[in-house]
Amino acid sequence: EPPELMAKFDARIDADGRIEPQDWMPDAYRKTLVRQISQHAHSEIVGMLPEGNWISRAPSLKRKAILIAKVQDEGGHGQYLYSAAETLGVSRADLLDALHSGKAKYSSIFNYPTLNWADVGTIGWLVDGAAIMNQVPLCRCSYGPYARAMIRVCKEESFHQRQGYEALLVMMRGTEEQKAMVQDSVNRWWWKCLAMFGPPDADSPHSAQGMRWGIKRVSNDDLRQKFIDATVPQAKVLGITLPDPDLKWNEERGHYDYGQIDWDEFWTTVNGNGPCNKERLSTRVKAHNDGQWVRDAALAHARKQQQRAMK
Ligand code: ACO
């Protein structure tokens, strides 16, 4: 790597400046961004699937309209993120190939099943709540296109979180069966949401370099702690119990202490063997193949436009 370009890049990072697509950047920085942004994009579009299952079974027209809007938003987030990745010189088709062949990672959380209607609310409250906690610092990421995409994504995630929490509040004012459904759902999702933030800092291979480059602004463990501290009071208002007997306020630390996350189960899921990995991937591949005619039609249209413009 040319030392003078490297020095200029480092100085920009140290001054908390932004790197733009046309700027010189070290190869490893580019690769890290492609890895993280594409994993993030894949998470958004795979994330449409667990909730998509409930669109046809939503309990009212209002809930159905909200859910459709939310699932569409996730598709939109995938689009901005694939576009941000493309500014780094990779093609969307190659990124999608890596997803469809099982080579690329996406968030562990989307490999668990949505078993009851409360799961739609819990995903909004906890999964999107965790996503916001992780994504707000990414609005200050050193790579301009990623940081700018995150601003709108975070605004929409905030609506997703609120709609989920509100749906659960309504159920908690309902029948005993509805309350039990919410508690069951939270019991199943709580620990998986804590694992979303990634491995503990000591076991996170990319953290130190990601922080040095200003891609990551807050560490995995610090974000996890912030999420727990913010969520416990919300659980109290809701009237549910978080399924962790070790969860208690630590006056000295000024944070909640919490129990052990099952990292073996997390890695099993990340490595393709969670409860729904195969189903999610095959649904994605089918959707992609079924959409071939749309891509063909769009290409044919673009070609015709181009020919007309040349005449
Ligand atoms: N699910 C799947 N894989 C994960 C997860 C997770 N929850 N957490 C970490 N990993 C993977 C990393 O991708 C990395 O894999 P790789 O080396 O094969 O690329 C490995 O575990 C080691 O982790 P870290 O060293 O901690 O990796 P990193 O510094 O990239 O941090 C994190 C992981 C926090 C997820 C980061 O990449 C990030 O902030 N990504 C953007 C946000 C995002 O992708 N959110 C998706 C879910 S939110 C939503 O879509 C609703």
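Here are a few things to note about the model shown:
- Residue ID - nearest to the ligand (Cβ to nearest atom), chosen from residues in segment 266-284 that are open to solvent by less than 80 Å² (accessible area, probe 1.4 Å) and either assigned to a strand (DSSP E or B) or without any contact (Cβ under 8 Å) to a residue 12 or more places away in the chain (or both): T268
- Residues in segment 58-85 that are free of Cβ contacts under 8 Å to residues at least 12 places away in the same chain and either among the hydroxyl-bearing types (S, T, Y) or buried (at least 18 other Cβ atoms within 10 Å of the Cβ) (or both): S60 only.
- Hits in segment 33-51 (condition: within 8 Å of the ligand (Cβ to nearest atom) and out of contact with any Pro (no Cβ under 9 Å at 6 or more places or on another chain)): R35, Q36, Q39, H40, S43, E44, G47
- Filter result for A130 (open to solvent by 30 Å² or more (accessible area, probe 1.4 Å) and assigned to a helix (DSSP H, G or I)): no
- Number of residues in segment 100-121 that are away from the ligand (no atom under 11 Å from the Cβ) and under 15 Å from the mean Cα position of the chain (by Cα) equals 1.
- Single condition D94 does not satisfy, out of (1) within 21 Å of G76 (Cβ to Cβ); (2) away from the ligand (no atom under 13 Å from the Cβ); (3) surrounded by fewer than 18 Cβ atoms within 10 Å (Cβ to Cβ): (1)
- Those residues of segment 52-74 which are closer than 15 Å to L281 by Cα and within 11 Å of the ligand (Cβ to nearest atom), in sequence order: none
- Of the set (1) open to solvent by 40 Å² or more (accessible area, probe 1.4 Å); (2) without any contact (Cβ under 8 Å) to a residue 40 or more places away in the chain; (3) on the phi > 0 side of the Ramachandran plot, all apply to D222 but (3).
- Across segment 126-145, the qualifying residues are those that are within 9 Å of the ligand (Cβ to nearest atom) and small (G, A, S), and the one among them that is farthest from the chain's Cα centre (by Cα) is A130.
- Applying the criterion of being within 12 Å of the ligand (Cβ to nearest atom), more than 16 Å from the chain's Cα centre (by Cα) and charged (D, E, K, R) to the residues of segment 187-231, the residue that is nearest to W263 (Cα to Cα) is D203.
- All positions within segment 14-59 that are hydroxyl-bearing (S, T, Y) and more than 20 Å from the chain's Cα centre (by Cα): Y29, S56
- Residues being in contact (Cβ under 8 Å) with a residue 12 or more places away in the chain, of a type in the set (D, E, K, R) and part of a loop (DSSP other than H, G, I, E, B) - total across segment 225-264: 3
- Every residue from segment 1-38 that is assigned to a helix (DSSP H, G or I) and open to solvent by less than 50 Å² (accessible area, probe 1.4 Å): F9, D10, I13, Y29, T32, L33, V34, Q36, I37, S38
- If the condition is being more than 21 Å from T114 (Cβ to Cβ) and not in a loop (DSSP other than H, G, I, E, B), then segment 181-205 contributes D201, A202, D203.
- Y82 falls short of the stated requirement of being at pLDDT 95 or above, within 16 Å of the ligand (Cβ to nearest atom), more than 24 Å from S282 (Cα to Cα) and not charged (D, E, K, R).
- The residues in segment 46-57 that are open to solvent by less than 20 Å² (accessible area, probe 1.4 Å) and either farther than 16 Å from C276 by Cα or part of a helix (DSSP H, G or I) (or both) can be counted, and the count is 3.
- Options A300, A287, A309: the member that is open to solvent by less than 50 Å² (accessible area, probe 1.4 Å), part of a helix (DSSP H, G or I) and without any contact (Cβ under 8 Å) to a residue 12 or more places away in the chain: A300
The values are calculated or read from the model by the stated rules, or taken from the named source; none is laboratory data. Since the model is a prediction, treat every value here as computed from it, not as a measurement. Note that each Cβ is placed from the backbone with ideal geometry, even for glycine, and that neighbours are counted across all protein chains shown. The accessibility values were calculated without ligands, DNA or RNA, using every heavy atom of the protein model including side chains. Shrake-Rupley method; radii C 1.70, N 1.55, O 1.52, S 1.80 Å.
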